[in-house]
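One structure is given here, and the rest of the page talks about it.
The values are calculated or read from the model by the stated rules, or taken from the named source; none is laboratory data. Keep in mind that this is a model prediction, so the values were computed, not measured. Cβ placement follows ideal geometry from the backbone for every residue including glycine, while neighbour counts extend to all protein chains displayed. When the accessible area is computed, the model is the full protein with side chains, heavy atoms only, and any ligands, DNA or RNA have been set aside. Shrake-Rupley method; radii C 1.70, N 1.55, O 1.52, S 1.80 Å.
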Amino acid sequence: MTGALTGRCALITGGASGIGLAVARAFRAEGASLVLLDLDPAAASVAEELGETLAVKGSVTRKADIVAAFDAAEVRFGPVDICLANAGVSQNAPTLSVSEEEWERVISINLTGVFLTAQEAGRRMIAQGGGSLLLMASMYGIVAAPERIGYCASKAGVAMMAKALSCEWAREGVRVNALAPGYVRTPFLDDLAQRGRLDLDRLKARTPMGRLIETEEVARMAVFLASEQASAVTGQVMAVDGGWTAYGYL
Ligand SMILES: NC(=O)c1ccc[n+]([C@@H]2O[C@H](COP(=O)([O-])OP(=O)(O)OC[C@H]3O[C@@H](n4cnc5c(N)ncnc54)[C@H](O)[C@@H]3O)[C@@H](O)[C@H]2O)c1
């Protein structure tokens, strides 16, 4: 049986957990081979479970680690033609208490890490004649919330990066789109809820669909954008948010 991504090679950053893991499963189910670049050694057991998957331990904040992951992908599976720059961290505290170090941490992973990954993916995809690049933004790159200054600023930057790169690389055959999930049920969200930084019932009530988003729902959008089904789609920031960013009433 052939899937929508049969014969393709995808590199996912932050693929050991949460949304990245769900996308990894969905890409494998559609026939892609995978490389997971993650700080978490759990990526190795994910790779074993999924098959046709290589885990590379490293950080998106270090260009050398990103280059090593692309090189390892090429040696094992051939050129990377799909890349999801997904690794990211939360930042949730009143702005007046955010230290310069905390700001730098969030920006270096969520914004610079996406830039470094996108730059390396673009360099190789342009040389290969094309590819599909997906950047993980958030609905908080579209609309704002208090006490998330580094998160909102970094995700708005990622959303704009997708638009800017799409214009720059469209004629080179590289499509660039961003995903903008709402509140997705992941360890990232559980951690914030456990620390009392989120009230899940209120979040559900604020969402027009009245529920959280499932990781698989984001993964299905990633498969669509990565596949030939989306051959004319570039420069878009795709909200998968149950209606959150559309809603502007009480
Ligand atoms: N969960 C949500 O509600 C939600 C909503 C919108 C956007 N997002 C975004 O989706 C992405 C994934 O979030 P998640 O909820 O799956 O989180 P998660 O914490 O479950 O997974 C994040 C993964 O990224 C890895 N990682 C973190 N820093 C890294 C680094 N420097 N280098 C390489 N890997 C690194 C972690 O080890 C982990 O495997 C993030 O960019 C996040 O901002 C999440």
Simple label model, 7 Å out from Cα along Cβ direction - E228 to T2, nm: 0.7 nm
Length released on extending from Q128 to R211, taking residue separation times 0.36 nm less the Cα-Cα span: 25.7 nm
Under the Karplus curve 6.51 cos²θ - 1.76 cosθ + 1.60, θ = phi - 60°, whole-Hz ³J(HN,Hα) for segment 223-240, x wherever Gly or Pro sits: 4, 4, 5, 6, 8, 5, 4, 9, 4, 10, 9, 8, x, 9, 10, 8, 6, 10
Average silhouette area of segment 1-127, convex hull of alpha-carbon atoms, in square nanometres: 8.2 nm²
Heavy-atom accessible surface of segment 1-91: percent carbon and sulfur, 1.4 Å: 54 percent
Cα pair distances exceeding 19 angstrom across segment 107-250, given as percent: 54 percent
Relative pair counts by distance (%), Cα atoms of segment 140-206, 10 Å bins: 18, 40, 26, 13, 3
Estimated inter-spin distance, A29 and E52, nm [label 7 Å along Cα→Cβ]: 1.5 nm
Computed [θ] at 222 nm, deg cm²/dmol, the chain (DSSP H ≥ 4; -39,500 (n - 2.57); rounded to nearest 500): -13500 deg cm²/dmol
T61 paired with E172, simple spin-label distance in nm, labels 7 Å along Cα-to-beta-carbon: 2.7 nm
Of all DSSP beta bridges in the chain, antiparallel share, percent nearest 5: 0 percent
Per residue accessible area in Å² of segment 121-250, where ligands, DNA and RNA are left out and the probe is 1.4 Å: 48 Å²
Cα-Cα pairs of the chain separated by more than 22 Å (percent): 51 percent
Percentage relative contact order, segment 158-250, counting C-alpha pairs under 8 Å, at least six apart: 43 percent
Overall dimensions of segment 100-177 as given by Cα atoms, namely Rg and Dmax in Å: 13.5, 43
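Please pull out the direction-averaged projected area of segment 119-158, using the convex hull of its alpha-carbon atoms, in nm² to one decimal place.
The directionally averaged projection comes out at 3.1 nm².
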Segments 83-95, 58-70 sorted - mean Cβ within 10 Å per residue, highest first: 83-95, 58-70
Of all accessible heavy-atom area on segment 103-250, the percent that carbon and sulfur account for (1.4 Å): 55 percent
Rg(Cα) / (2.2 N^0.38 Å) computed for segment 25-98, rounded to two decimals: 1.30
Amide proton proximity set for L11, modelled H, under 5 Å, gap of 5+: V35, I82, C83, L84
